[in-house]
Ligand code: SF4
Ligand code: SF4
């Protein structure tokens with residue numbers, strides 16, 4: 001029987017994670033670089049304030065690389081992350 005690996009589901013509470021570019025703790029600790037961060041708005045010739053809530057957005061860029069180690073959950077100072085296994089695991 002062949003087993004398929006089903007990556008965990010990663011949820012981000014954006015009410016809690018408001019300044020991800022200033023924080024970056026989950027990005028730095030993740031051993032497989034699952035997360036990415038991008039600007040939500042850009043003003044030409046102006047540097048975006050990384051401390052302004054909502055100016056950057058954390059996203060799950062490579063969910064399939066997640067091993068479910070939970071390091072990001074443990075390190076997040078805002079308790080903004082949830083990592084859980086899908087209820088149905090394919091076999
Ligand atoms: S560690 Fe938490 S607060 Fe910091 S960027 Fe990641 S999810 Fe956001
Ligand atoms: S659970 Fe581990 S592998 Fe998955 S996103 Fe968090 S730190 Fe990365």
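The values are calculated or read from the model by the stated rules, or taken from the named source; none is laboratory data. Keep in mind the model is a prediction, meaning the values are calculated, not measured. Cβ sites come from the backbone with ideal geometry, for glycine too, and all protein chains shown count toward neighbours.
Would you tally the residues in segment 58-81 being near ligand 1 (Cβ under 10 Å from one of its atoms) and either touching a strand residue (DSSP E or B) at 6+ places or on another chain (Cβ under 7 Å) or at pLDDT below 95 (or both)? Of the residues in segment 58-81, 5 are near ligand 1 (Cβ under 10 Å from one of its atoms) and either touching a strand residue (DSSP E or B) at 6+ places or on another chain (Cβ under 7 Å) or at pLDDT below 95 (or both).
For segment 33-56, indicate whether the set of residues that are touching a residue at least 40 places away in the same chain (Cβ under 8 Å) and more than 8 Å from ligand 1 (Cβ to nearest atom) is non-empty.
As a first pass, look at segment 33-56 and keep what is touching a residue at least 40 places away in the same chain (Cβ under 8 Å): none.
No, that holds for no residue.
Restricting attention to segment 10-28, does a residue exist that is away from ligand 1 (no atom under 14 Å from the Cβ) and more than 10 Å from the chain's Cα centre (by Cα)? So that I can check it myself, show each step before the final result.
So in segment 10-28, the residues away from ligand 1 (no atom under 14 Å from the Cβ) come out as none.
No, because not a single residue in segment 10-28 is away from ligand 1 (no atom under 14 Å from the Cβ) and more than 10 Å from the chain's Cα centre (by Cα).
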